[in-house]
Amino acid sequence: MTDPTVDASKTIIFHAEEPPQPPPRAEVGILGWLRQNLFGSPSDTIVSVLVALLIVALTVSFLGWTVRSGNWFAIINNQRLLMMESFESIYEWRLAIVVLLAAFLTGISLAAWGQVAARLLTPLALTVIVAVSILPPLIDGGVSQPKSYFTAGNVDIIDRASTLTPQRSLAFIAAAGETVSVSLALDEVADIETLRDLSGFSDRGTNALANAANNRIEQQHAVGETFDSMLSRELTETLEERTRLNIRTFMRTNDMLASTHKFVAGMGAELTQGDVAIEKLRWWLVRLKEAARTTEPNVDAILDAAVPLEDGIRNLSVSRALPIYLHDSFAALTSATLASDQLEELGELLVLHLSEDLIGKPAQRDDEEKLINPSAREAAFLRDMFVRLLTPQSVLELYQLGQTPMQVAIRDARSLETLADGVLSAAGDQVTFTIPRDGWYIFSKNAAEGHRGSAILAAYGIHPIIERTLSPTESRYVRVNDDALVVTAARPQVDGSNIPYVALIDNQFRGLRDFPTFLIHFIPSFFRQVEALLPFFITIVWGFVFGRIMAHLLGKQSAFDEPLNRLVVLAWALAPLLVLLAYFAIVAGGLSEVARVALQ
């Protein structure tokens, strides 16, 4: 039954619509833009992928070219030459007007992009200012200056096909109050492992010695791996003959004395300590006597010393250790062997005899030739000999580094007066001198009188320098790690010829120097060069501020709005005229010298 109080004609029906659903994430934002513009069709997808791969390849190549292969030292320390070439320094203010005006107009152009440019420019400007202001003093205060290394002596260093003669005199610059000290680099040449890590980035001879040490270590490792693989695989007749040929060929051109001495002494120690059985001693006597008889002339002392041992062990069990009462007889044999003036030839013959023991023996089956498994002592000796024969002689043995006294001196570059000198012959020897004034000095070094040899010297306070040729008539000399000291005096000369100065080889950082050394030589100088660009960046900021003010006054938010767009275009169009007006205004006002000083 219907309620009589309700008027059916006035009934209102509400239809509630569902709230709109957000679009799929793949349809909006960055993903949506990429999908619509780069992957909207199969052809778009193919082109986008190919272009992406091309961009990646170009980026990797560019980074390799700029970071790994780029000569950033030359870029950092020759910024002025790259920007101005040999433009006379008294006219630099003319170029500065153009550069600063271009920076100001660049700032106005950036202002046209509104807040987008502000978000990018603000953190960039703050990062540059903080880095330039804070990092150089932190590095200067927290990283100590590294040593410089120089070869000295009267023996040439052989580097592949070239010969390097150690410089007897080197010019360097130093500041008043600094201390220069020179000593023998004995710790650095203790063995080839330490020598390989040495870097004389101001001295080619030091680098050549370090490279030779590194090459020897790498070659020893490779030859050792070859020998180890020979012990574990069958040998063909060709391999056997080649191995024998290598041994016979290289044994005549390499020093085997140290390896032979080591083996003979080690064998004597094992036998007298009771670690080796009579069977081993019999094998050793047979091989040693065979080598002694083959030697021309025969080593009679070895043959005579072997007789008591042979008589003493004739009736002993092969598994028994050497009796104590025969130790003296064996010691006499060892002494006779080590005292022989033909020990090196004995070592060569022992290698051949051991090779005959280990190479080319028929196997038990198939009559195939193979390298049998030797004992540990045999394998160690043959491996040591094999590696030694097939690798170049150690530069430590060849040049006897650090064993020759060196005469060094610090001299005044103007008067050639000797300020400090001394002879370095031991670990504690050192020549130290406090610099009296800024300027050029000469570092002299050579083998002491009556001696012949080579050495590597370690020096504190002598740093690489670079020459900045500002113009055909002006040059400046600065140290790599310190732009504060600038010397404009001409290079020192002797007999009318310039003395070579301490400089980075090929204007590059060479060798395996540690990271702190890299920092002290590159980062401070890099940021000191960046400091010269600060006026450029500051002018861009002022141009940006000016552009934003003009946009606010014009009531527009973007340069793509008509009034501000016309302002930017007009400013760039009038740039040449503004440059000319600024130039004539400065010249007419007699302010060129003031402007030049201010802009520098």
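The values are calculated or read from the model by the stated rules, or taken from the named source; none is laboratory data. All of these numbers come straight from a predicted model, not from anything done at the bench. Glycine gets a Cβ as well: all are built from the backbone with ideal geometry, and neighbour counts include every protein chain shown.
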Name the single residue that is modelled with the lowest pLDDT among those in segment 543-556 being surrounded by fewer than 15 Cβ atoms within 10 Å (Cβ to Cβ) and part of a helix (DSSP H, G or I).
Leu554
Anything in segment 162-176 that is in a loop (DSSP other than H, G, I, E, B) and out of contact with any strand residue (DSSP E or B) (no Cβ under 7 Å at 6 or more places or on another chain)? List them, or say none.
Thr165, Gln167, Ala176
So, in segment 273-291, of the ones that are farther than 19 Å from Ile302 by Cα and out of contact with any helix residue (DSSP H, G or I) (no Cβ under 7 Å at 6 or more places or on another chain), which residue ends up modelled with the lowest pLDDT?
Gly274
Please give the number of the condition Val478 fails out of (1) surrounded by 17 or more Cβ atoms within 10 Å (Cβ to Cβ); (2) within 30 Å of Leu195 (Cβ to Cβ).
(2)
Going by the structure shown, is Tyr501 touching a Phe, Trp or Tyr at 6+ places or on another chain (Cβ under 7 Å) and either aliphatic (A, V, I, L, M) or in contact (Cβ under 8 Å) with a residue 24 or more places away in the chain (or both)?
yes
Determine whether segment 184-198 contains at least one residue that is at pLDDT below 80, in contact with a strand residue (DSSP E or B) (Cβ under 7 Å, 6 or more places away or on another chain), not assigned by the TED database to the domain that holds Val387 and not polar (S, T, N, Q).
yes
Scanning segment 518-542 for residues that are at pLDDT 70 or above and farther than 18 Å from Ile134 by Cβ gives Pro535, Phe536, Thr539, Ile540, Val541, Trp542
How about segment 469-494: which of its residues are at pLDDT below 80 and in a loop (DSSP other than H, G, I, E, B)?
Pro472, Thr473, Val480, Asn481
Can you name the residue in segment 430-445 that is within 29 Å of the chain's Cα centre (by Cα) and surrounded by 16 or more Cβ atoms within 10 Å (Cβ to Cβ) and is also nearest to Gly153 (Cα to Cα) among such residues?
Lys445
Flagged in segment 177-203 as farther than 16 Å from Ser444 by Cβ and not in a loop (DSSP other than H, G, I, E, B), in numbering order, are Thr179, Asp187, Glu188, Val189, Ile192, Glu193, Thr194, Leu195
Can you name the residue in segment 401-411 that is in a loop (DSSP other than H, G, I, E, B) and crowded, with 16+ Cβ neighbours inside 10 Å and, of all such residues, is modelled with the highest pLDDT?
Pro405
Could you list, in sequence order, the residues of segment 434-458 that are farther than 18 Å from Phe150 by Cα and not polar (S, T, N, Q)?
Ile435, Pro436, Arg437, Asp438, Gly439, Trp440, Glu449, Gly450, His451
Would you confirm whether any residue within segment 127-143 is within 22 Å of the chain's Cα centre (by Cα), polar (S, T, N, Q) and surrounded by fewer than 19 Cβ atoms within 10 Å (Cβ to Cβ)?
no
Go through segment 126-161 and report how many residues are in a loop (DSSP other than H, G, I, E, B) and modelled with pLDDT under 85.
7
Say we look at segment 412-443 and pick out the residues that are among the aliphatic types (A, V, I, L, M) and outside any strand (DSSP E or B); which of these is modelled with the highest pLDDT?
Ile435
When residues of segment 497-514 are filtered for being surrounded by fewer than 19 Cβ atoms within 10 Å (Cβ to Cβ), at pLDDT 65 or above and not in a loop (DSSP other than H, G, I, E, B), how many remain?
3
